[in-house]
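Structure first, then comments.
The values are calculated or read from the model by the stated rules, or taken from the named source; none is laboratory data. Every value quoted in this text rests on a predicted model; they were computed, and no experiment measured them. Here the Cβ positions follow ideal geometry from the backbone for every residue, glycine too, while neighbour counts run over all protein chains shown. Quick note on the areas: whole protein, heavy atoms, side chains included, nothing else; ligands and nucleic acids left out. Shrake-Rupley method; radii C 1.70, N 1.55, O 1.52, S 1.80 Å.
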Amino acid sequence: MCSLLTDNPIHERMLAENITPAEANWTYPRQSTGEDIYRFMSELYPICRSITGEGARETLRLIGKRIPLKIHEVSSGTAVFDWVVPKEWNIKDAYIKNSQGEKVVDFQKSNLHVISYSIPVHRKISLGELKDHLFALPEHPDWIPYRTSYYKEDWGFCVTHNQLLALNDDEYEVCIDATLEPGNLSYGECYLSGQTTDEVLITTHICHPSLGNDNLSGIAVATHLAKLLRGFQLRYSYRFLFIPATIGSITWLCQNESKLPNIKHGLVVTLLGDAGQSTYKKSRCGIAAIDRAAAHVLKHSGAAYSIVEFHPYGYDERQFCSPGFNLPVGCLMRTPNGCFPEYHTSADDLSFVQPEYLADSFSKCVSILYLLENNGTYLNKNPKCEPQLGKRGLYKAIGGAGDGGVDTLSLLWVLNLSDGKHSLLEIAEKSNLNFVIIKNSADALLRADLLEPIAG
Ligand code: ZN
């Protein structure tokens, strides 16, 4: 826990008013936003998504009702670096029936029951053969695991361990009414123009079926971020990508190499709705502005958090941070992938995520973007000794701060370090003050003509 925040009047007010960052009109109703994000997740939850197919398309259509979204279709067979866009997979139904004709496993009850990308099958088999195609979790006998077979043509069912135990020596009818045929890979792109063509890239994966934290939280938070940013005057342009994991980012990178020099900051958002603490995974470079911005926001969030070094496993940061690109892209999540038992199981459902945690993650994303948008470097126009702040009314200049002590200190930090070499973020880091306080002080000093911005 960071105790500094309790001494910080502006942040206290931000927390009390449930808005963030309050001082620059980046305001929104925090609680209802968390509820909206959760509601959108609930709407997306029943859809059977995969890396291609109608489930991904339907998901993109629903995102497109909320933000301007261009849906791209890339043909199966398209070469993308060392990969090939796979065939398109669609599924209508699937079940396992016993010899009495009773459905003992039913896709209509959970789309996790079918291994994603299972090839079609319809035949009668023995229990022994069936068991070669069944997957369960003995340690969690009521949970259905989530499994895929994207790049190896195979079929199978995921069942609860209790379902598996209940199967008798019998003849079973297995049916997977699916198609795996040439088609397209679909992804969505939302581009918001800012004052410059320099970009912030925000991506999330859209390829998981009925799983809550792993993929729906990221989709819903990213959608609401785009919706919020649309209402703001932006310095950066923003590119939101809603893509199937791995093959989606590889496809986008392959087809958009010319745009990559514009990307100045990037964030993969995922796993944002569980009760665990926030985790930021650094970009490959480790000291990019996004890494420092995320670290600063988490440090001043008033809650426990962790920051982990880049590692080449996880989500699409693996592709964005591959050595041929080495883009400044980090990943914001709560409990990391594989570090909670519900991960990739039916227990990662809508009860595993809560609006309050979604709101908290959303607020941290907003604060990170606010910081990137408002970071800048200034020059103190009165560098020989301190300027007299009192005669300029600066002791009371910071909106709403009851006690001028902290703000006066931040004014002094900004004045002292605004030598054209330190950004506001660096001043915030050195002073151990919240970036919002430092930014407000810089604004007050600008109004008093004591600072001037440095271009670039
Ligand atoms: Zn996953």
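Using the Cβ-Cβ distance between Gln195 and Tyr151 with R0 set to 51 Å, the FRET efficiency works out to roughly 0.75. Here the accessible area is traced with a 1.4 Å probe on the protein chains. For region 90-181, carbon and sulfur cover 46 percent of it.
How tilted is helix 404-417 with respect to the longest principal axis of the chain? Cα atoms for both, answer in degrees (0 to 90, nearest 10). With rounding to tens, the tilt is 90 degrees. Of the GluC sites (Glu not before Pro) in region 146-218, the ones in a loop by DSSP (not H, G, I, E or B) with at most 16 other beta carbons within 10 Å are Glu153. In this calculation the C-beta distance from Glu171 to Ser306 is compared with R0 = 56 Å, giving a FRET efficiency of 0.60. For the set His140, His113, His122, solvent exposure ranked by accessible area (probe 1.4 Å, protein chains only) runs largest to smallest as His122, His140, His113. Take Asp82: with every protein chain present and a 1.4 Å probe, its accessible area is about 140 Å². Label positions at Glu102 and Lys131, each projected 7 Å from the Cα along the C-beta direction, are separated by 2.0 nm. Which of the aspartates and glutamates could a cross-linker bridge to Lys87, judged by Cα under 12 Å and excluding same-chain residues fewer than eight apart? The qualifying aspartates and glutamates are Glu153, Glu181. Under 5 Å between amide hydrogens, built in the peptide plane, is the criterion, and for Ala94 it picks out Phe107, Gln108, Asp177 among residues at least 5 positions away or on other chains. Report the calculated FRET efficiency for Asn432 and Glu386 (r = Cβ-Cβ distance, R0 = 22 Å), to the nearest 0.05. Calculated transfer efficiency: 0.65.
Solvent-accessible surface of region 377-453, taken per residue with a 1.4 Å probe and all protein chains present: 48 Å². The long axis of helix 289-299 is offset from the longest Cα principal axis of the chain by roughly 90 degrees. The smallest convex shape that holds all Cα atoms of the chain, its convex hull, gives 134 Å³ per residue.
Heavy atoms of the protein chains alone define the surface here; on that basis region 90-181 has 51 Å² accessible area per residue at 1.4 Å probe size. Amide H to amide H, with H built 1.01 Å from N, Val308 comes under 5 Å of Tyr280, Lys281, Lys282, counting only residues 5 or more places away or on other chains. Counting 0.36 nm for each residue step from Gln233 to Ile287 and taking away their Cα separation leaves a gain of 16.7 nm.
What part of the accessible area of region 330-456, given as a whole %, is carbon or sulfur when the probe is 1.4 angstrom? Percent of accessible area from carbon and sulfur atoms in region 330-456: 50. Taking amide H atoms as placed 1.01 Å from N in the peptide plane, list the residues 5 or more away in sequence, or in a different chain, whose amide H sits under 5 Å from that of Leu379. Residues meeting the amide H criterion: Glu452, Ile454. Taking the C-alpha atoms only, the angle from helix 435-447 to the longest principal axis of the chain is near 40 degrees. Report note on the peptides 354-362, 158-166, 381-389, 302-310: ranked by the mean count of other C-beta atoms within 10 Å, highest first, their order is 354-362, 158-166, 302-310, 381-389. In terms of distances greater than 31 angstrom between alpha carbons, the cross-link table entries Lys259/Lys430; Lys264/Lys421; Lys70/Lys103; Lys65/Lys131; Lys70/Lys97 yield Lys259/Lys430; Lys70/Lys103; Lys65/Lys131; Lys70/Lys97.
Of Lys65, Lys439, Lys124, the residue with the largest accessible area leads and the full order is Lys65, Lys124, Lys439 (1.4 Å probe).
Taking the DSSP bridge list for the chain and keeping only pairs wholly inside it, about 65 percent are antiparallel.
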